[in-house]
Every structure is written in structure tokens, then in C-alpha cells.
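Below: the structure, in C-alpha cells.
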Amino acid sequence: MPQLSDEMLDALGAQPGVPLSDRATANPTWWPSDAPQSKAEGKKALAELGEQLSAYQERLFASAAVGGAKDSVLLVLQGMDTAGKGGIVRHVMGLMDPQGVEHHSFKAPTPEEQAHHFLWRIERELPARGKIGVFDRSHYEDVLIHRVKGLTSRQGIEARYQRINDFETRLQEQGIRVLKVMLHISREEQYRRLLERLENPQKNWKFTTDDVDDRLLWDDYQQAYEIAIERTHTQLNPWFIVPADQKWAARWTVAQLLLRELQRIDPQWPTASYDVAEQRARLEASQ
């Protein structure tokens with residue numbers, strides 16, 4: 001099975017100053033020849049990755065539950081409506097034991113949340129030790145939407161970028177590995193997916209009138225993403241921009257990025273705090 005090469009990591013990494021319009025949303029030229037090339041191949045390759053993800057996740061959970069390790073992972077998913085965030089949660093995170101995964105989707109803040117600092121509600125949902133957390137939308141909503149819709153002054157938004165950088169640095173120091181992914185979808189593909197939600201009665205529930213309102217602000221959102229990524233793409237907490245027009249390719253790529261993060265942690269099975277031979281003898285004597 002192909003692993004993420006340095007070339008592919010470089011290609012996925014954010015390139016501050018490069019417009020999102022210059023980045024591929026499908027069939028990138030850097031796509032490895034030994035990577036899946038079709039939906040069928042992608043589904044099979046993702047299942048194979050799932051075995052590795054599940055094994056690492058179990059070790060991560062055990063290392064914290066019994067071994068006292070402090071590591072955890074936070075996958076931050078951002079993208080325009082229909083970019084596939086929910087599909088990543090179902091098809092990638094769903095490959096692992098649910099007891100080791102914590103998922104949260106941040107909607108419009110409640111009155112209680114609005115009464116606090118914008119990171120207050122984020123800090124309450126951070127993954128516990130040994131867990132893999134996933135944010136379907138995140139603290140970045142508070143700079144993206146606020147910039148596009150003028151909910152906060154430009155000076156206030158600039159201050160938030162720095163607070164986010166400081167916050168994510170602190171998370172790393174606490175043992176929470178932050179993996180930031182933008183699912184990069186084209187305007188044409190978003191149109192097709194929104195139209196499908198309207199034409200398929202079983203998907204009508206996924207559509208809201210806000211979807212079209214935000215689509216009309218497409219260019220403004222693209223610019224807001226470019227600025228946010230430029231301000232918060234750091235060596236310690238980089239952004240990865242994943243082409244998302246092909247769902248199967250995006251899922252395989254995010255699974256690879258998550259596996260890479262777990263491999264970097266390299267969680268170990270905790271050693272027994274008791275004499276294994278002695279306890280086995282006691283067990284056999286109990287027959």
C-alpha cells in the first residue's frame with residue numbers, strides 16, 4: 001500500500017500566497033501512480049487503511065487508559081458546504097472503534113457561547129488523552145464567517161489569527177496533535193452536490209436556504225480561506241489542502257494524513273502492572 005511521500009506531503013501542504021483557484025480540486029498532477037485511481041480502488045484502499053488506523057487507535061487508547069500516555073489527535077476539518085466533511089467523519093473515522101473517537105460539529109454559537117471568548121466552546125470539546133477528536137467545522141468559523149459577513153472588525157479578526165496560533169501551539173505542548181485539513185471543492189462540483197440534494201427527496205433534509213446564500217459569497221469565502229490559511233499555517237501546525245471533488249480520493253488522502261500522525265506518535269502497548277505468569281497460574285487453578 002502506498003504511503004504519503006515527501007512529494008505528496010509538499011503538494012498537499014498549504015502554500016501561502018498561492019490562490020486557492022490555482023490549486024487542483026480533482027485529478028492533481030502529483031497524484032501517485034500507485035495510489036487508487038478510481039472509486040472502486042479507493043474504497044478498497046480505504047478499507048485496507050482502516051485496519052492500520054484501527055490498530056494504531058487501539059494502541060493510542062490503551063497507552064493512555066493504562067499506560068499514562070498523554071497523546072491524542074485532533075482532526076480539524078474545514079471546507080465549503082458539501083465539501084465532504086461529513087463523509088470523512090462517516091467513512092474515515094467510522095473505520096475505528098467509536099469509543100476511541102470524539103466528534104463535534106460547531107454550529108452558530110449559542111447565547112451562552114457568545115458570552116465567552118470565541119475559543120471557550122472549542123476548549124470544552126478537546127479530545128481526552130488517548131482519543132482521536134474530529135471537528136466538523138471548528139474555531140476557524142469564527143474568522144471565516146466573521147470576515148465574510150463583517151461580524152467582527154478586521155482588527156479583531158487579525159487578533160484572532162494570533163490567538164488561534166497560540167492556542168494550537170499550546171495544544172501541541174499538551175500532547176494534542178493538531179491535524180488541519182481544508183477540503184478544497186470546486187464551485188462547479190458544489191453546484192452538482194447542492195442540486196442533487198434538491199432533486200433527491202431523501203437528501204432534501206441536507207439542504208438549507210443558507211447554502212445558496214453562502215454560495216453567492218463564494219469569492220469572498222475563498223479569499224477568507226486564503227487569508228486564514230496564510231495567517232495560521234505554521235511549521236508546528238501546518239494546513240493541508242485536500243482536493244475534494246472526488247470523494248473517494250479525499251477520504252483516502254485524509255486517512256493517510258491521519259495514519260501518518262498516529263505513526264509519528266507511535267503509541268505502545270502498556271506493560272502489565274502485575275506478574276503475568278502468576279496471574280495465569282491463578283487463572284488455570286480456578287478451572
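The values are calculated or read from the model by the stated rules, or taken from the named source; none is laboratory data. Just so you know, these numbers come straight off a predicted model, no measurement behind them. No Cβ is skipped: glycine too gets one built from the backbone with ideal geometry, and neighbour counts run over all protein chains shown. To get the accessible areas, we keep the full protein, side chains included, count just its heavy atoms, and leave off ligands, DNA and RNA. Shrake-Rupley method; radii C 1.70, N 1.55, O 1.52, S 1.80 Å.
Here are a few things to note about the model shown:
- Hey, LEU60 out of contact with any strand residue (DSSP E or B) (no Cβ under 6 Å at 6 or more places or on another chain), open to solvent by less than 20 Å² (accessible area, probe 1.4 Å) and more than 18 Å from VAL181 (Cβ to Cβ) or not: yes
- Residues located in the stretch 16-39, provided they are open to solvent by 80 Å² or more (accessible area, probe 1.4 Å) and either in a helix (DSSP H, G or I) or free of Cβ contacts under 8 Å to residues at least 12 places away in the same chain (or both): SER21, ASP22, THR29, SER33, GLN37, LYS39
- Here ALA115 passes the criteria (1) open to solvent by less than 50 Å² (accessible area, probe 1.4 Å); (2) out of contact with any helix residue (DSSP H, G or I) (no Cβ under 9 Å at 6 or more places or on another chain) except the one numbered (1).
- Only listed residue being more than 18 Å from GLN78 (Cα to Cα), touching a residue at least 12 places away in the same chain (Cβ under 8 Å) and of a type in the set (A, V, I, L, M), chosen from ILE157, ILE164, ILE185, ILE176: ILE176
- Conditions (1) farther than 30 Å from ALA108 by Cα; (2) not in a helix (DSSP H, G or I): number failed by GLN279: (2)
- Just so you know, in the stretch 22-59 the residues that are hydroxyl-bearing (Ser, Thr, Tyr) and modelled with pLDDT under 95 include one that is farthest from ARG231 (Cα to Cα), and it is SER33.
- Filter result (part of a strand (DSSP E or B) and over 30 Å from PRO267 (Cα atoms)) within the stretch 170-202: HIS184
- Remark: ARG59 matches the filter, which requires a residue to be among the basic types (Lys, Arg), in a helix (DSSP H, G or I) and either closer than 25 Å to THR232 by Cβ or touching a residue at least 24 places away in the same chain (Cβ under 8 Å) (or both).
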